[in-house]
Amino acid sequence: MNRPARFPFASRLLHWVMAALILAMLFIGIAMAASLTDYHRLVTIHEPLGLLILVLAAVRVINRLLAPPPPLPAAMPRPMRLAAHGSHLLLYLLMVALPLVGWAMLSAAGYPILLLGTVELPPILAPDAGLYALLRSAHTVLALLLFATFLGHLAAALAHALLFRDGVFSSMAGFGGRRAAAARRIRPRASA
């Protein structure tokens, strides 16, 4: 079977670090919505984590332009290719839009955005209660869309790993390297 090439190491590292950060951010956001007692403590994690995701998303876009992903398997049907490209584009858009909408939302509310201790981000909007309410709703909708897209991405990754076994998952997961290729070439002897 002709397996696709692996993503470069930097691409794989950025992918898995951001996957962990985004998953953590989604659960922190859910906990913030569900808890009044831990809300302020969670906000102190949520805000700098959002900025980190925004910065890493920018780095990831640059990395993707400099080190394009390996091609998808030639046998992959066109609808699956379109779904893969569309879902990746949506993930990138959400990784940038969600932190920016959060920053704008807090700016419109007149809240300081603390990074570390007393270091604050400058506001990107003037305080406006109506705009804050709109941005808060948009932030929630985008977060739910990100969660759904993340789950779809995970489901597709598992389908490639467990059902299709076409190398798409291993190209990002790092499995199927030299050792695994060597192990596939070595065949156990038939016992007599």
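Laboratory data are not the source of any read-out in this text; all were calculated from the coordinates shown. Here the structure is a predicted model, which means the values were calculated and not measured. Methodologically, a virtual Cβ is constructed for each residue, glycine included, from the backbone with ideal geometry; neighbour enumeration extends over all protein chains shown.
Couple of notes before you dig in:
- R0 of 25 Å, Cβ-Cβ distance ALA67-ALA155: FRET efficiency to nearest 0.05: 0.45
- Extension gain from VAL55 to VAL96, taking 0.36 nm per residue of separation minus the Cα-Cα distance: 13.9 nm
- Label-point separation, LEU163 to LEU26 (7 Å along Cα→Cβ), nm: 1.9 nm
- Residue order for VAL141, VAL168, VAL43, fewest other beta carbons within 10 angstrom first, comes to VAL141, VAL43, VAL168.
- Spin-label proximity, ALA75 to the stretch 146-168 - amide N less than 13 Å from point 7 Å beyond Cα toward beta carbon: 163-168
- With neighbour counts taken as other beta-carbon atoms within 10 Å, the residues SER87, SER171, SER137 rank, fewest first, as SER137, SER87, SER171.
- Computed E for THR37/ALA10 - FRET, C-beta separation, R0 41 angstrom, nearest 0.05: 0.55
- Residues with amide H under 5 Å from that of ILE113, placed H, sequence gap 5 or more: LEU121
- Of (i) 1.09; (ii) 1.06; (iii) 1.12, the label for Rg/Rh (Cα atoms, Kirkwood Rh) derived from the coordinates: (i)
- Scanning the chain for DSSP H helices at least 18 Å long along the axis (C-alpha atoms) with a Kyte-Doolittle mean no lower than 1.0 picks out 9-34, 39-66, 78-109, 129-158.
- Counting only DSSP H runs of at least 4 residues, each contributing -39500 (n - 2.57), and dividing by the residue count of the chain, the helix-based mean residue ellipticity at 222 nm comes to -23500 deg cm²/dmol.
- Exposure proxy order (Cβ contacts within 10 Å, fewest to most) of GLU47, GLU120: GLU120, GLU47
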